[in-house]
1. Quickly rank 196-203, 7-14 as a protection proxy: mean count of other C-beta atoms within 10 Å, highest first.
2. Highest mean first, how do 101-111, 147-157, 74-84 rank when packing is the count of other Cβ atoms within 10 Å averaged over residues?
3. Angle between the Cα long axis of helix 173-192 and the longest principal axis of the chain, 0 to 90 degrees, nearest 10?
4. Given charges of +1 on the Cβ of Lys and Arg and -1 on the Cβ of Asp and Glu, with all other atoms neutral, how large is the dipole of segment 2-207 about its Cα centre, in debye to the nearest 20?
5. Cα convex hull of the chain: how many Å³ per residue?
6. Can you list the residues of segment 11-44 with backbone N under 13 Å from a point 7 Å past the Cα of VAL74, pointing along Cα to Cβ?
7. So if I take the centroid of the Cα atoms in segment 1-47 and the same for segment 80-135, what is the distance between those two points in Å?
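What follows draws every value from the coordinates through simple rules; no lab data is involved. This structure is a prediction, so every number in the text was calculated from the model and none was measured. Reconstructed Cβ throughout: ideal geometry from the backbone, glycine too, with neighbour counts over all protein chains shown.
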Amino acid sequence: MREALVATGRSLFERGLTHGRTGNLSVREGDSIWVTPTGASLGTLDPDGLARLDTSGRYHDGRHSSGGPISPAVPTKELFLHAALYRARPDARAVVHLHSPYATAVSCMDGLDPADALPPLTAYYAMRVGRLPLLPYHAPGDTALGPVAEAAAADHHALLLANHGPVAAGRDLASAADAIEEIEATARIFLLLQGVPNRPLTPEQIERTRR
Ligand SMILES: O=C(CO)COP(=O)(O)O
Ligand SMILES: [Zn+2]
């Protein structure tokens with residue numbers, strides 16, 4: 001599990017899906033959450049340097065001072081955001097947050113539909129993402145985003161944080177990574193199509209898309 005988290009982080013980083021020391025990943029295993037430490041590059045994670053929180057460590061409200069973390073690593077400042085998605089989505093086993101450039105560019109655009117920030121341009125976007133709520137800007141680590149994200153995540157496994165970047169939950173790490181990569185690919189296509197007449201998929205075409 002921890003090796004997979006490290007390998008996924010490296011892969012995302014090496015392909016430019018997040019930069020510097022941005023982004024964070026977590027996996028839920030039983031009563032524990034393994035999460036990347038704050039201030040880490042996703043390109044150079046260490047399986048022994050991840051933070052591990054158990055439910056008695058009160059990860060539910062993102063506070064990790066009482067009972068956890070069990071390991072000495074200080075968890076990401078977005079732990080509360082990961083916890084909000086896990087609370088909202090009992091089937092979720094992984095959460096990925098990135099500052100991927102095209103999705104982040106879209107998150108800075110004016111005039112988006114806050115209920116659904118990107119059009120369904122391709123079948124894989126429709127399959128892997130569906131609707132993408134745009135959540136209002138909060139500073140990184142601002143726990144006021146927690147209840148907002150939790151409410152939105154009840155019906156959506158992927159969210160776009162305004163002027164920040166995407167976050168996606170999945171039934172496993174590969175699914176969460178697939179969803180966030182699909183957001184990035186579609187954001188890029190969406191930006192390429194600015195000013196170009198285009199045809200998003202129709203509801204009927206989406207309905208016929210194999211999941
Ligand atoms: O993406 C980030 C903040 O939004 C990175 O923060 P952390 O280094 O605490 O994970
Ligand atoms: Zn971030």
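1. Highest to lowest by the protection proxy: 7-14, 196-203.
2. Working: 101-111: 16.6, 147-157: 18.2, 74-84: 25.2.
Per-residue Cβ counts within 10 Å, averaged per peptide and sorted highest first, yield 74-84, 147-157, 101-111.
3. The answer is roughly 40 degrees.
4. Dipole size: approximately 300 debye.
5. 110 Å³
6. Inside the label zone: 37-40.
7. 18 Å
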